[in-house]
Structures are given as structure tokens and as C-alpha cells.
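Okay, so here's the structure we're looking at.
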Amino acid sequence: MGLAAALNYGLKFCKHQYVCRMDTDDIAMPLRFEKQIEFLKSNKDIDVCGTNVVEFSEESKNNFVKEMPVNHEEIKKLMRFRNPINHPTVCFKKKSVEELNGYPEIYPEDYILWVNLMLESKRFANIPIPLVKMRVDNSFLSRRNLNLFFGEMKILIYMYKKKF
């Protein structure tokens with residue numbers, strides 16, 4: 001089915017106004033959902049809320065905190081060069097994503113969704129603390145290959161054509 005189709009299928013069954021996402025092998029930190037939903041309720045203008053992420057490996061004792069830009073303008077600026085939202089940490093307003101018919105079936109589906117939301121003047125923020133631990137093993141690294149590179153190049157061309 002593919003990830004975008006699976007995410008869109010699952011979105012149909014979400015009954016609440018906020019949707020939080022993570023991968024099956026990721027670990028949510030205590031209070032992750034409470035903090036993100038509280039943030040969105042306190043910042044009604046924000047449509048997409050991500051966080052920093054701790055990348056960890058079972059093989060290594062070293063953890064790496066992947067920090068992201070915090071406010072909308074910083075996120076918009078970085079989005080022109082690379083994905084500014086850690087997808088496994090995202091919590092978004094369901095309505096905002098549904099208005100665009102969900103995730104586009106273009107890889108990487110999250111990056112193009114954020115671009116489309118930005119083009120629709122939706123607002124972004126990242127909470128500057130890690131609220132998800134993301135497993136980065138050999139299978140994770142093998143997924144970061146030429147497909148990702150070419151997918152991101154397509155998105156950069158798309159943004160250029162949209163004058164973003």
C-alpha cells in the first residue's frame with residue numbers, strides 16, 4: 001500500500017482533532033502527548049507541532065539529539081533546504097491535513113505535506129525538547145538512500161516551481 005496510503009487510511013479512523021504520529025519502533029517520552037496537545041491548545045494558530053528527537057541505536061551507547069528550529073519563521077527558512085520537522089514526533093490538527101486530502105503519495109511524503117501546508121499558510125512550531133526516542137539501526141540507515149535524495153530533489157524543484 002505504501003506509507004502515504006497507509007497514513008491516509010489510518011487518518012480516516014482518527015476521531016479527535018489532533019493526530020500524533022510515530023513509528024512502531026520509536027519510544028514516546030513520558031508526557032509527550034500531554035505536552036504537545038497542551039502546546040497546540042495554548043497556541044491555536046499552530047497547525048503542526050514537532051519536537052526534537054533522540055536518535056539511538058541498540059548497538060551503540062551513543063545517543064544523538066536531533067535539534068530542530070523552534071518558531072514558524074525558522075522552520076519556513078529551513079524548509080527551503082531540508083525537512084524541518086521530525087516526522088515521528090509530529091502532532092497536527094487533523095482538519096488542516098484533511099483539507100489537503102492527507103499525505104501526498106510522493107516520497108518523502110511528510111516533507112511534501114509540510115511544504116503544501118506551508119503554501120496554504122498553515123503555521124508550524126517545534127517544541128525544543130526531545131519527546132521521542134527514534135531507533136536508528138542498520139535498516140534505518142539503509143532506508144536513507146538514493147531514493148530519499150531523489151525524492152528531496154523533486155520536492156526542492158516543486159518548491160521552486162511554486163515560488164516557495
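In whole percent, and with a 1.4 Å probe on the protein chains, what portion of the accessible area of region 6-164 is carbon and sulfur? Kindly include the intermediate steps, with their values, before the conclusion.
Details: 5070 of 9240 Å².
With neighbouring chains kept in place, the figure for region 6-164 is 55 percent.
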* Would you mind giving the three semi-axes, in whole Å and largest first, of the ellipsoid equivalent to region 78-121 according to its Cα gyration tensor? => 15, 12, 11
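Work the Kirkwood hydrodynamic radius out for region 65-152: mean of 1/r over every pair of different alpha-carbon atoms, inverted, in Å. Mind dumping the intermediate values first?
Working: mean 1/r = 0.0711 Å⁻¹.
Roughly 14.1 Å, rounded to one decimal.
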* **Distance (nanometres) between label positions extended 7 Å along Cα→Cβ at Ala28 and Arg82** => 2.8 nm
* **Eligible aspartates and glutamates near Lys163 by straight Cα distance, threshold 17 Å, same-chain separation 8 or greater** => Glu73, Glu120, Glu152
* Can you list the lysines whose alpha carbon is less than 18 Å from that of Lys12, not counting same-chain residues fewer than 8 positions off? -> Lys93, Lys94, Lys95
* How compact and how long is region 34-75, expressed as Rg and Dmax of its alpha-carbon atoms in Å? -> 13.8, 41
* From Cα coordinates alone, what are the radius of gyration and Dmax values for the chain in angstrom? -> 15.3, 44
* Structure fact -> Once normalised by the length of the chain, the mean sequence separation of its alpha carbon contacts under 8 Å that are 6 or more apart gives a contact order in percent of 35 percent
* Ordering of 117-125, 54-62, 82-90 by packing [mean C-beta count within 10 Å, highest first] -> 82-90, 117-125, 54-62
* Of Val54, Val115, Ser42, which is farthest on the positive side of the dipole of region 34-118, counting Cα position, with +1 on Lys and Arg Cβ, -1 on Asp and Glu Cβ, and the Cα centre as origin? -> Ser42
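How would you rank 105-115, 65-75, 9-19, 42-52, highest first, on the average number of other Cβ atoms within 10 Å across their residues? Before the final figure, lay out the partial values.
On the way: 105-115: 20.4, 65-75: 15.6, 9-19: 11.4, 42-52: 18.4.
Order by mean packing, descending: 105-115, 42-52, 65-75, 9-19.
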* Structure fact -> Excluding residues fewer than 8 positions from Lys162 in its own chain, the lysines with Cα under 18 Å of it are Lys76, Lys77, Lys122, Lys154
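The values are calculated or read from the model by the stated rules, or taken from the named source; none is laboratory data. Note that this is a predicted model, so its numbers are computed, not measured. With ideal geometry, Cβ positions are generated from the backbone for all residues, glycine too; neighbour counts draw on all protein chains shown. Side chains are part of the model used for accessible areas, which takes the heavy atoms of the whole protein and leaves out ligands, DNA and RNA. Shrake-Rupley method; radii C 1.70, N 1.55, O 1.52, S 1.80 Å.
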